[in-house]
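This report concerns only the one structure given below.
Please treat every number below as a calculation from the coordinates, not as lab data. Since the model is a prediction, treat every value here as computed from it, not as a measurement. Heads up, the Cβs are rebuilt from the backbone with ideal geometry, glycines too, and the neighbour counts pull from every protein chain shown.
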Amino acid sequence: MLQEAVDALFDNGRRGRPVTGPGNRPLKSLSDMLKGKQGRFRQNLLGKRVDYSGR
């Protein structure tokens, strides 16, 4: 039971049927938040203009 919760936290969908939350929607895992076009890197971190960033 604990192992399934930890697996769902890291990669929800790796073990067949994903763990669902309220409204029967699959929960977003940490790997889902990082990968893809809507992930943390491509959506928020790459190519942003900031002050005092050296080249």
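Quick one: V6, V19, V50, fewest Cβ neighbours within 10 Å first, how do they rank?
V50, V6, V19
Let me check against my output: what whole-number percent is the relative contact order of the chain, with C-alpha pairs under 8 Å and at least 6 apart?
Computed value for the chain: 22 percent relative contact order.
Helix-derived [θ] at 222 nm for the chain: sum -39500 (n - 2.57) over DSSP H runs of at least 4, divide by residue count, nearest 500? Kindly include the intermediate steps, with their values, before the conclusion.
Values: 2 runs with 14 residues, N = 55.
The helix contribution divided over the chain gives -6500 deg cm²/dmol.
What do you get for chymotrypsin sites (Phe, Trp or Tyr not before Pro) in the chain restricted to DSSP loop and a cutoff of at most 10 other Cβ within 10 Å of the site's Cβ?
Numbers: sites: F10, F41, Y52; in loops: Y52.
Those satisfying the criteria are Y52.
What does the charge add up to near R40, with Lys and Arg as +1, Asp and Glu as -1, over the other residues with Cβ less than 14 Å from its Cβ?
Charge balance in the 14 Å sphere: +4.
In what sequence do D51, D11 fall when counting other Cβ within 10 Å, fewest first?
D51, D11
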